[in-house]
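A short worksheet on the structure shown next.
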Amino acid sequence: QVQLVESGGGLVQAGDSLRLSCTASGRTFSTYAMGWFRQTQGKDRELVAAISASGGVTLYADSMKGRFTISRDYAKDAIYLQMNSLKPEDTALYYCAANTLRIPTKGRWDYPYWGQGTQVTVSL
């Protein structure tokens, strides 16, 4: 089992950048594929980006390609989401998640482990 804690959210202006962090506890961090999802009120939780257990494969939602970058640091048992050129429509609660499939997937139901989320608000 793994516990996940997100940080780095906040209030920024359109066009700004923000980096989210997710720290995992547990000895098997390197065996999990990791993902970032986001959710706004009344909508389903959607994939933002995901990265394989090896770190060699990444997956992005189409609307985030070129603006967001996911990475992981095995020494710190952490993953990051660098978000550039933020837009008001990026406003959401961002969640970190882990799956045991070792490969990044889009479906939220593939991820049994979740953090509590960190709020990102982008103003005009």
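Read the figures in this text as sums done on the coordinates, not as results from a lab. Keep in mind that what you see is a predicted model, and the values were worked out from it rather than measured. So basically every Cβ, Gly included, is an ideal-geometry build from the backbone, and we count neighbours across all protein chains shown.
Remarks
- Gap separating the Cα centres of segment 64-124 and segment 1-53, nearest whole Å: 3
- Charges were assigned to the Cβ only: +1 to each Lys and Arg, -1 to each Asp and Glu. The resulting dipole of segment 16-61 about its Cα centre is roughly 120 debye.
- DSSP bridge pairs, the chain: antiparallel proportion in percent, nearest 5: 90
- The Cα-based radius of gyration of the chain, divided by its Kirkwood radius, gives an Rg/Rh of 0.94.
- Loop chymotrypsin sites (Phe, Trp or Tyr not before Pro), segment 59-124, which have at most 15 other Cβ atoms in a 10 Å radius of their Cβ (DSSP): 74
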